[in-house]
1. Starting from segment 307-329, keep only residues that are under 19 Å from residue 462 (Cβ atoms), then list their pairs with residues that are of a type in the set (Ser, Thr, Tyr) and open to solvent by less than 10 Å² (accessible area, probe 1.4 Å) whose Cβ atoms are within a distance under 6 Å, requiring at least 6 positions of separation or different chains.
2. Considering only segment 405-453, how many residues are open to solvent by less than 20 Å² (accessible area, probe 1.4 Å), modelled with pLDDT of 90 or more and not small (Gly, Ala, Ser)?
3. Quick check: is even one residue across segment 454-465 part of a strand (DSSP E or B), modelled with pLDDT of 95 or more and touching a strand residue (DSSP E or B) at 6+ places or on another chain (Cβ under 6 Å)?
4. With the requirement that a residue be part of a helix (DSSP H, G or I), over 16 Å from residue 125 (Cβ atoms) and open to solvent by 50 Å² or more (accessible area, probe 1.4 Å), what does segment 13-31 give you?
5. All but one of (1) open to solvent by 10 Å² or more (accessible area, probe 1.4 Å); (2) in contact (Cβ under 8 Å) with a residue 40 or more places away in the chain hold for residue 394; which doesn't?
6. Among the residues of segment 472-482, which ones are within 25 Å of the chain's Cα centre (by Cα) and open to solvent by 10 Å² or more (accessible area, probe 1.4 Å)?
7. Among the residues of segment 229-256, count how many are among the charged types (D, E, K, R), under 24 Å from residue 93 (Cβ atoms) and modelled with pLDDT of 90 or more.
8. Pick from segment 411-435 the residues that are free of Cβ contacts under 8 Å to residues at least 24 places away in the same chain and not polar (S, T, N, Q): which of them is nearest to residue 395 (Cα to Cα)?
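The values are calculated or read from the model by the stated rules, or taken from the named source; none is laboratory data. Predicted model only: the values in this text are computed from it and were never measured. Because the Cβ atoms are built from the backbone with ideal geometry, glycine has one as well, and the counts that use them run over all protein chains shown. Ligands, DNA and RNA are stripped out before the accessible areas are found, and what is left, the full protein with its side chains, is counted by its heavy atoms. Shrake-Rupley method; radii C 1.70, N 1.55, O 1.52, S 1.80 Å.
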Amino acid sequence: MADDYLVRIGKLIRDARQHRGWTQSQLAEALGTSQSAVNRIERGNQNISLEMIARIGEALDSEIVSLGYAGPMHLRVVGGRRLSGAIDVKTSKNACVALLCASLLNKGRTVLRRVARIEEVYRLLEVLHSIGVRTRWINDGVDLEIVPPAELDLASIDADAARRTRSIIMFLGPLLHRLDRFMLPYAGGCDLGTRTVEPHMIALRRFGLDIAATEGQYHAVVDRTVSPDRPIVLTERGDTVTENALLAAARHDGTTVIRNASSNYMVQDLCFFLEALGVKVDGIGTTTLTVHGVPTIDVDVDYSPSEDPVEAMSLVAAAVVTESELTVRRVPIEFLEIELAVLEEMGLDHDRTPEYFADNGRTRLVDLTVRPSKLEAPIDKIHPMPFPGLNIDNVPFFAAIAAVAQGKTLIHDWVYDNRAIYLTDLNRLGGRLQLLDPHRVLVEGPTRWRAAEMMCPPALRPAVVVLLAMMAAEGTSVLRNVYVINRGYEDLAERLNSIGAQIEIFRDI
C-alpha cells in the first residue's frame, strides 16, 4: 500500500473522528486498540486492512470511510462442517432499538449495558447524533452512554440514516412530549411489503398527535389539550405499536390503560426500563398495560437489556441444520417455549439447565444443549401468533429445520406480504420448497444441500436462513451483500467461526 494512500486514508479517518466529536483515545477504546495506534493510522504511518477501515467507519458512524474504500460485505462459506462447543446469546436487537428511542424521554444520562453493535443501532445513533444527542461507547466499547441536549435539533436530522431503519417510527411517542411541531422521514427497514403506520396513529392521536404524510416526511402537530379519556385499544397487537403507545404514555400526566398490547420480549424490556425511569407499569407480560405517567423524567439510569430469543433460535437452527451438538447459553426461555415444544414434537434431542435471571433481574434464562436428531415433519402447520405463541421472527428458521426433517411441512407466514417468497431462495441450495401463495410454503425434506453463489435476500431472517443452509452444504458458497444480516446480528460470521463454522468476510474494492 503506497505511503500517499495511507496518508489520504489517515486524513479521512481523522476528519471523520473530529466530525464525530471524538478524541483519539475514544476511537481507540471503541476499536479495542491503543491511542498511539490510532495516532499512527491518522498520520499514515501504519498499514491498515480493508476490514480495519470498515470497523473504523462503523465505530465512527461514518460511511465516508467504510463505503469510500470498502464495498458491500460478502460471505464465503465452506459448508459441511459440524459445530461444537458453546456460544452465548447477545442482547436483544429489538429491545436495544426501543431503548434508544426511549432514551429521548429522559433529560438525564442513560447507560445501556452490552448494547448490540449492529447496523440498526448504528443508524439510530446517526439519527440521535444529528439532532444533538451525545452518545459514546464506554467500557471497551461494550456499553453505550446517551446524554440528550436541552433542546433537540430536528431540523438537522440525518434523513438518509432515518430512512434506513423502520425503528425511527418509535421517535413519535417521545417527541410528542418535547415538540409541538416536527418532521420525521418515512420509516424504512426490511423489505417485507406494506406495513401501515395507521395502527401507530390510532394510538398516538389519543395523545394529541396529528400526522400528515407528504413528500417523504411525516409532518407532526401536537394538540396539548388532547389526552386519553378512556382505555386505548390497539387495533393491531404489534410490538412497535405497543412500544410507541408506552413511550407516549410514559410522560403523560395521568394514568393510561393500553389494551390488546403486545407482551413480547422487547415490550417487556421497555416496560422494565420505564420502571427504572420512575414510570410505574402494571400488567407487564399481559395484554393490558396500565401506565402511571411522569410529566418530567430527569434521572441517571443504568439498564441491561435482556438476551435475544430470535438470535437464540438462529443458533439452535444452526445446530439442527448442520447436525451438530451445540450448547446455546443465556437463552430467554420464556420466549422460546412454543418453538421448543414444536421441535420436541419433531424429535429434537436436547436438554436445558435450571433457570436463572438475566442482568435485568427479570428475564428468565437457561443454557440449552442441542444434539443431532432424526426429525419428522410436524403434524400441524408452522404459523406465528402474538406472544406467547410462536414468534413471528422465528418462523423462517423452521423452513431450514423442516428441510432437514422427514416429510412435508406447511409454513404459513401470514403476517408479512413477501417473506415467504424469500424462503424459496433455499431451492438454490438444494431445498424443495413450493410456494403455494405469498404467505404459504410447503417444505419437503430431508434435503441434500448443495453449494451456490447468490445475493442475500432483502429481509433479515430469511437472509440468515440462507446462511445456515450454506453452512450445511458441502463445498464453498458465496452470499453477497449481507448488510441486512448486519442490521440484526453482531459479528455473526466471527461468532459462528468460533464454534466450528468456516465463513470468510470479503468485500469488493
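1. Pairs that qualify, where the first residue is under 19 Å from residue 462 (Cβ atoms) and the partner is of a type in the set (Ser, Thr, Tyr) and open to solvent by less than 10 Å² (accessible area, probe 1.4 Å), are 308/92; 309/265.
2. Here the count works out to 9.
3. Initially, segment 454-465 is screened for residues part of a strand (DSSP E or B), giving 454-455.
Among the residues that remain, those that are also modelled with pLDDT of 95 or more are: none.
Looking for residues that are part of a strand (DSSP E or B), modelled with pLDDT of 95 or more and touching a strand residue (DSSP E or B) at 6+ places or on another chain (Cβ under 6 Å), one finds none in segment 454-465, hence no.
4. 14, 15, 18, 25
5. (1)
6. Once the filter is applied, which keeps residues that are within 25 Å of the chain's Cα centre (by Cα) and open to solvent by 10 Å² or more (accessible area, probe 1.4 Å), segment 472-482 yields 472, 478, 480, 481.
7. Residues meeting the conditions: 2.
8. Narrowing segment 411-435 to residues free of Cβ contacts under 8 Å to residues at least 24 places away in the same chain: 420-421, 424, 427, 434-435.
Narrowing further to those that are not polar (S, T, N, Q): 420-421, 435.
Details: 420: 9, 421: 13, 435: 15 Å.
Across segment 411-435, the extreme among qualifying residues is 420.
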